[in-house]
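Notes follow once the structure below has been shown.
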Amino acid sequence: SSDKKPEKPVITNLDEAVLYTDLVQPVLESKCYTCHSSKKQKGKLRLDGQEWIEKGGDEGLVLVAHDPSKSPLYERLVLSELDELHMPPKGKPQPSEAEIELIEWWIAQGASFDQPLQEIAGYAEKKSFLEELVSYEEAPKQSYLPEGEVTAANLEDLEALQALGAMVIPV
């Protein structure tokens, strides 16, 4: 497999996706981790995990749940690119407008690190927007047939199942 990450996070089911883990974290990973992770901590800030994000950096907190306008994590994304406080810095890959809107929405909804999308108020109105941010992967088909040779079932177990009305057939 190649090291290049897909542009969009890959999920199987948007309703069950966790807003932070499945949508927000991949944006932070692709746009912020080069300077703010275990490898490097510009401004003593790490964005590669809940405890670090909640801790903030040299300049204090980066996240104020329910208030994107007081959260530097969002605010710095929307500054003019000419502003030296703008993040990511000029010349680095910039998040798309949709990715910035996603971060704003995540913070506005309370910046939960573990809440599934379907439990978030306002998810229904945001669903088509969120659909644009992900790519889908089919859930692997579950096979109930054994892959190799199997030993015969215990006769008493079979009779007990049949007594319960289950139909048992050899594979």
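The values are calculated or read from the model by the stated rules, or taken from the named source; none is laboratory data. All of these numbers come straight from a predicted model, not from anything done at the bench. Because the Cβ atoms are built from the backbone with ideal geometry, glycine has one as well, and the counts that use them run over all protein chains shown. Heavy atoms of the whole protein, side chains included, go into the accessibility calculation; ligands, DNA and RNA do not. Shrake-Rupley method; radii C 1.70, N 1.55, O 1.52, S 1.80 Å.
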Exercise for review: Give the residues of the range 25-41 that are within 14 Å of the chain's Cα centre (by Cα) and either acidic (D, E) or loosely packed, with under 15 Cβ neighbours inside 10 Å (or both), sorted by residue number.
Suggested key: E29
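Run down L79, L102 and say which single residue is closer than 24 Å to A121 by Cα and open to solvent by less than 70 Å² (accessible area, probe 1.4 Å).
Selected residue: L102, the only one of L79, L102 that is closer than 24 Å to A121 by Cα and open to solvent by less than 70 Å² (accessible area, probe 1.4 Å).
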Check your understanding: If you scan the range 42-85, which residues turn out to be under 22 Å from the mean Cα position of the chain (by Cα), over 17 Å from E101 (Cα atoms) and not in a loop (DSSP other than H, G, I, E, B)?
Key -> Q50, E51, W52, I53, E54, K55
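Looking at the structure I just gave you, is I107 hydrophobic (A, V, I, L, M, F, W, C) and under 22 Å from G49 (Cβ atoms)?
Considered against the rule, which asks whether it is hydrophobic (A, V, I, L, M, F, W, C) and under 22 Å from G49 (Cβ atoms), I107 comes out as yes.
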Practice item. Considering only the range 58-74, state which residues are free of Cβ contacts under 8 Å to residues at least 40 places away in the same chain and surrounded by fewer than 18 Cβ atoms within 10 Å (Cβ to Cβ). Key: D58, E59, G60, L61, S69, K70
Revision key, fill the gap. Of the residues in the range 47-57, those that are surrounded by 12 or more Cβ atoms within 10 Å (Cβ to Cβ) and not β-branched (V, I, T) come to L47, D48, G49, Q50, W52, E54, K55, G56, G57
Exercise for review: State whether one or more residues within the range 28-36 are out of contact with any Lys or Arg (no Cβ under 9 Å at 6 or more places or on another chain) and under 22 Å from E131 (Cα atoms).
Suggested key: yes
Point to revise | E149 vs. criteria of a type outside the set (A, V, I, L, M) and open to solvent by less than 60 Å² (accessible area, probe 1.4 Å) | key: no
